[in-house]
Amino acid sequence: MTAAPHAFPAPDHDHAACVAAGLAQAEELCRARGARLTDVRRRVLELLLTEGHRAVGAYDLLDRLNAGATGKKAAPPAVYRALDFLVEQGLVHRIASLNAFVGCVRPRDDHRAQFLICRRCGAVAELTGERLTQDLAEAAARAGFTMLSAVVEAEGLCPLCRDLPPEEEPE
Ligand SMILES: [Zn+2]
Ligand SMILES: [Zn+2]
Ligand SMILES: [Zn+2]
């Protein structure tokens, strides 16, 4: 399995370009599928992408969504429904071990994702190692098991945190 060259992008990369590309892809995909990217759905995706390559919990998203709002504030169900839609469309992945969400970096491709999660800074990198999923499906088949989905979440240290001395841990 090979990691994408930018699995963990450098901190000084042009993240505004990531956000713009993510939103443009989402709009294009939804249009092609006839799915409705409503204002709330788009805003939730934008906040998630803006947050950088890390997972964000639903309540943090809700806070951010309402931070600049003057009139009516969004309620938790609205955010959950927006997240359900985004996950369904493959624009966002749920990170089960963190109970949080991360924007997909390549929503155009149909893929099973594996995640590398940094335990120090919360950075999340998405890998698409088809072989890993295939191996798992084959092992499952040998066990007489029909695999419908598989979630792989590896916890560890990202390239930046790996080189930090322990006393400089952000927490
Ligand atoms: Zn970025
Ligand atoms: Zn993805
Ligand atoms: Zn890290």
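Rule-based calculations on the coordinates, nothing more; no lab input. Remember, it's a predicted structure, so these values are computed and weren't measured experimentally. Every residue, glycine among them, receives a Cβ derived from its backbone with ideal geometry; neighbour counts consider all protein chains shown.
Search the structure for amide H atoms under 5 Å from the amide H of F115, placed 1.01 Å from N in the peptide plane, and list their residues when 5 or more places away or on another chain.
So F115 has HN proximity to L127, V152, E153, A154.
Check the cysteines of the chain one by one and keep only those with no other cysteine Cβ under 4.7 Å from their own.
Among the cysteines of the chain, those whose Cβ sits 4.7 Å or more from every other are C18, C30, C104, C121, C161.
Can you list which of the trypsin sites (Lys or Arg not before Pro) found in the range 70-109 are DSSP loop residues with at most 10 other C-beta atoms within 10 Å?
In loop regions of the range 70-109 (DSSP not H, G, I, E or B), the sparsely surrounded trypsin sites (Lys or Arg not before Pro) are K72.
Label the chain by shape, choosing from rounded, prolate and oblate, from the square roots a ≥ b ≥ c of the eigenvalues of the Cα gyration tensor; if a/c is under 1.5 it is rounded, and otherwise prolate applies when a/b is larger than b/c, oblate when it is not.
It is oblate, given that a/c is not under 1.5 and a/b is not larger than b/c.
Indicate the gyration tensor shape class of the range 111-171 (rounded, prolate or oblate), computed on the Cα atoms with a ≥ b ≥ c the square roots of the eigenvalues: a/c under 1.5 is rounded; otherwise a/b larger than b/c is prolate and the rest oblate.
Cα axes put the range 111-171 in the prolate bin.
Tell me the mean residue ellipticity at 222 nm calculated for the chain from its helices only (DSSP H runs of n ≥ 4, each -39500 (n - 2.57), averaged over every residue, nearest 500).
One gets -13000 deg cm²/dmol as the mean residue ellipticity at 222 nm.
Show me, for the range 37-42, the HN-Hα J-couplings you get by feeding each phi into the Karplus relation (A = 6.51, B = -1.76, C = 1.60, θ = phi - 60°), rounded to Hz, glycine and proline as x.
With coefficients 6.51, -1.76 and 1.60, one gets 8, 5, 4, 5, 4, 5 Hz.
So what J values fall out for the range 19-35 if you push phi through Karplus, 6.51 cos²θ - 1.76 cosθ + 1.60 with θ = phi - 60°, rounded to Hz, Gly and Pro as x?
Coupling constants for the range 19-35: 5, 4, 5, x, 5, 5, 5, 4, 4, 5, 4, 5, 4, 4, 8, x, 8 Hz.
Could you tell me what percent of the DSSP beta bridges with both partners in the chain are antiparallel, to the nearest 5?
Of all bridge pairs located within the chain, approximately 65 percent are antiparallel.
Rounded, prolate or oblate: which one fits the range 14-105, using the alpha carbon gyration tensor with axes a ≥ b ≥ c (rounded when a/c is under 1.5, else prolate when a/b beats b/c, else oblate)?
Taking the square roots of the gyration eigenvalues as a ≥ b ≥ c, the range 14-105 is rounded.
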